[in-house]
Amino acid sequence: MRVLKQDFYSVKHAALAIHAPFSGRVISQSDAANPLVRNQLLGLGVELEISNYQLFAPFSGTLLSVNQGGLEFVFKSKQGLKLLVLVNLDEQSLPMTGFKQHLKTGDLVSAGQLVASFDFRKQHHSVFASILLLEPERLNKVLDKCYYQASRVTAANDILFKLTKRINHD
């Protein structure tokens, strides 16, 4: 599966739309500061320079896990797709303060539902979050492409990704 920047209006037959979990500026994965993200070792997706401090559910499904003191969230859609939301803070910013989790692991979520709040006002640098599709090798069997278009997104409102199904020509 490939992640491509393209106008959504030309994307036909989207299998799944994934809403932006944070508001912010969209950055290509290849420009991510974290080498694990940049080199696609954790999954496929994009980076967001966060401009708000609330995390919203990107689709309806389940909140599978919350790790690293509230910096790592894994969601699973009703279709079985897993999405990682990883807040990237530099080591001087840890431990994080002002984190409030509104849902617990295992809770069912609706697209756009508030999941967590953060207080990043003490951060001296921009805060980035990686939004990554997990298990891309498994997804390759059923999904063809993942499109993103916007340079800026509003959390819970704007679509961040549209995924298209693979068409077999047997």
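The values are calculated or read from the model by the stated rules, or taken from the named source; none is laboratory data. Quick caveat: nothing in here was measured; it's all calculated off a predicted structure. Backbone-built Cβ (ideal geometry, glycine too); neighbour counts: all protein chains shown. Protein only, heavy atoms only, side chains kept; ligands, DNA and RNA dropped before computing areas. Shrake-Rupley method; radii C 1.70, N 1.55, O 1.52, S 1.80 Å.
Yes/no matrix, rows are residues, columns are (1) under 21 Å from S23 (Cα atoms); (2) modelled with pLDDT of 95 or more; (3) not in a loop (DSSP other than H, G, I, E, B):
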| residue | (1), (2), (3) |
| --- | --- |
| V66 | yes, no, yes |
| V74 | yes, yes, yes |
| L84 | yes, yes, yes |
| V87 | yes, no, yes |
| Q92 | no, no, yes |
| P95 | no, no, no |
| K104 | no, no, no |
| A116 | yes, no, yes |
| D119 | yes, no, no |
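Taking segment 36-59, which residues are open to solvent by less than 70 Å² (accessible area, probe 1.4 Å) and farther than 24 Å from L16 by Cβ?
E49, S51
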field: Every pair of residues 6+ apart whose Cβ atoms lie under 7 Å, when the first sits in segment 114-128 and is within 27 Å of S60 (Cα to Cα) while the second is assigned to a strand (DSSP E or B) and open to solvent by 60 Å² or more (accessible area, probe 1.4 Å)
entry: L114/Q54; A116/K100; A116/Q101; S117/Q54; S117/K100
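Output the residue which, of all residues in segment 133-150 that are under 18 Å from R38 (Cα atoms) and either among the aliphatic types (A, V, I, L, M) or modelled with pLDDT of 80 or more (or both), is surrounded by the most Cβ atoms within 10 Å (Cβ to Cβ). Walk me through it before giving the result.
Taking segment 133-150 first, the residues under 18 Å from R38 (Cα atoms) are 133-137, 146-148.
From the residues that got through so far, the ones that are either among the aliphatic types (A, V, I, L, M) or modelled with pLDDT of 80 or more (or both) too are 133-135.
Details: L133: 21, L134: 18, E135: 12.
Selected residue: L133.
So, in segment 63-85, of the ones that are of a type in the set (S, T, N, Q) and more than 18 Å from F99 (Cβ to Cβ), which residue ends up most open to solvent (accessible area, probe 1.4 Å)?
Of segment 63-85, the ones of a type in the set (S, T, N, Q) are 65, 67-68, 77, 79.
When the remaining residues are screened for being more than 18 Å from F99 (Cβ to Cβ), the result is 77, 79.
Numbers: S77: 6, Q79: 127 Å².
By that ranking, first place goes to Q79.
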